[in-house]
1. How much of the accessible area of the chain, in percent, comes from carbon and sulfur atoms when a 1.4 Å probe is used?
2. What shape does the range 16-124 take by its C-alpha gyration tensor, where a ≥ b ≥ c are the square roots of the eigenvalues and a/c under 1.5 counts as rounded, a/b above b/c as prolate, and the rest as oblate?
3. Leaving out ligands and nucleic acids, and using a 1.4 Å probe, what accessible area per residue does the chain come to in Å²?
4. Remind me, relative contact order of the chain in percent, using alpha carbon pairs under 8 angstrom and six or more residues apart?
5. Among the aspartates and glutamates, which have Cα under 20 Å from the Cα of LYS19 when same-chain residues fewer than 8 positions away are ignored?
6. Filter the trypsin sites (Lys or Arg not before Pro) in the range 14-67 down to the DSSP loop ones having no more than 15 other Cβ atoms within 10 Å, then list what survives.
7. Within the range 32-87, list the chymotrypsin sites (Phe, Trp or Tyr not before Pro) lying in a DSSP loop whose Cβ has at most 15 other Cβ atoms in a 10 Å radius.
8. Connecting C-alpha atoms closer than 10 Å in a GNM of the chain, tell me which of PRO87, PRO41, PRO98 has the biggest fluctuation.
Amino acid sequence: QVQLVESGGGLVQAGGSLKLSCVVSGGSFSSSGWGWFRQAPGKEREFVAAVTWYGSRHYADAVKGRFAVTRNNSKNTLYLQLNSFKPEDTAVYYCAGPMRSADLPYTPANYDAWGHGTQVTVSS
């Protein structure tokens, strides 16, 4: 059974940076795609970024150019570098995977397992 554990969240000033990590166990990390989602208070969970098993990256329009998703297959770890924070980036960030289909990186139902999330709060 796949388990995902996020870390790296915290309080960040607007314009600042943070790097989230997600350690994956129990699955075939290197041959699978993985994603990041977030959920703000009172809102639905939304797609943030994803990387397929062959390295193709996808981003939500709201974070494109500011966030970067990477993976380290030797460490079974997924990363999300968050730069140029905005107040609207405040949310619980979740990693998810593996992807069932590399053609649907934006869809939550396309992911088999989820982490418990890590809180990111932006102070203005």
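1. 48 percent
2. Prolate shape, in that a/c is at least 1.5 and a/b is the bigger ratio.
3. Working: 6210 Å² over 124 residues.
Accessible surface, normalised per residue, equals 50 Å².
4. 35 percent
5. Cα-Cα hits under 20 Å: GLU6, GLU46, ASP61, GLU88, ASP89.
6. Numbers: sites: LYS19, ARG38, LYS43, ARG45, ARG57, LYS64, ARG66; in loops: LYS43, ARG45, LYS64, ARG66.
Passing sites in the range 14-67 are LYS43, LYS64, ARG66.
7. In loop regions of the range 32-87 (DSSP not H, G, I, E or B), the sparsely surrounded chymotrypsin sites (Phe, Trp or Tyr not before Pro) are TYR54.
8. PRO41
The values are calculated or read from the model by the stated rules, or taken from the named source; none is laboratory data. Everything quoted here is computed from the prediction, not taken from an experiment. So basically every Cβ, Gly included, is an ideal-geometry build from the backbone, and we count neighbours across all protein chains shown. For accessibility, only protein heavy atoms count, side chains too; no ligands or nucleic acids. Shrake-Rupley method; radii C 1.70, N 1.55, O 1.52, S 1.80 Å.
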